[in-house]
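> Handing you this structure, nothing more for now.
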Amino acid sequence: QVRLVESGGALVQPGESLRLSCAASGILRSPNTMGWYRQAPGKERELVAIITSGLSANYADSVKGRFTISRANARTDLQMNSLKPEDTAVYYCNYHDSFKGNYWGQGTQVTVSS
């Protein structure tokens, strides 16, 4: 069992920054990935950024150059800069390894509005 706890969601204005954090507990196996997904109202959940246990990262085209994912052991952070209204969504932390499969956090709301 893997438990993921997210924090950092908030209401911010366009152009501002926000940092999300996710702490994982339980037995983590390597190799694995941790990442962030988001789901806006009426839309499907989409990948935002993902980082492997070897610290290789990938980003959705819509956030490249604005968001940065980082990782230290069982924690992953998502630094979000130059936020836009279209970034508004519930952001979910994800953990995956080939043995345990997928685990999700409870989600944290990010709202970008003036």
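> Are any residues in region 40-52 within 11 Å of the chain's Cα centre (by Cα) and within 12 Å of VAL110 (Cβ to Cβ), and if so, which ones?
VAL48
> Starting from region 5-21, take each residue that is in a strand (DSSP E or B) and list its partners that are charged (D, E, K, R) and surrounded by fewer than 16 Cβ atoms within 10 Å (Cβ to Cβ), counting only C-beta distances under 7 angstrom and pairs at least six apart or across chains.
Here the result reads SER21/ARG75, each pair linking region 5-21 to a residue that is charged (D, E, K, R) and surrounded by fewer than 16 Cβ atoms within 10 Å (Cβ to Cβ).
> I need the strands (runs of 3 or more DSSP E) fully contained in region 24-114, keeping only those with at least 3 residues that are loosely packed, with under 14 Cβ neighbours inside 10 Å and in contact (Cβ under 8 Å) with a residue 12 or more places away in the chain.
none
> Here is a follow-up. Go through region 60-112 residue by residue and tally those that are in contact with a Leu (Cβ under 7 Å, 6 or more places away or on another chain) and farther than 18 Å from LEU28 by Cβ.
10
> State all residues of region 14-35 that are more than 19 Å from VAL90 (Cβ to Cβ) and over 18 Å from the mean Cα position of the chain (by Cα); if no residue qualifies, say none.
Passing the criteria: GLY15, GLY26, ILE27, ARG29, SER30, PRO31.
> Mind checking which residues of region 8-23 are open to solvent by 60 Å² or more (accessible area, probe 1.4 Å) and within 13 Å of THR108 (Cα to Cα)?
Passing the criteria: LEU11, ARG19.
> Among the numbered criteria (1) modelled with pLDDT of 95 or more; (2) over 18 Å from GLY107 (Cα atoms), which single criterion is violated by ARG29?
Among (1) modelled with pLDDT of 95 or more; (2) over 18 Å from GLY107 (Cα atoms), the lone unmet condition for ARG29 is (1).
The values are calculated or read from the model by the stated rules, or taken from the named source; none is laboratory data. This is a predicted model, so every value here is computed, not measured. With ideal geometry, Cβ positions are generated from the backbone for all residues, glycine too; neighbour counts draw on all protein chains shown. When the accessible area is computed, the model is the full protein with side chains, heavy atoms only, and any ligands, DNA or RNA have been set aside. Shrake-Rupley method; radii C 1.70, N 1.55, O 1.52, S 1.80 Å.
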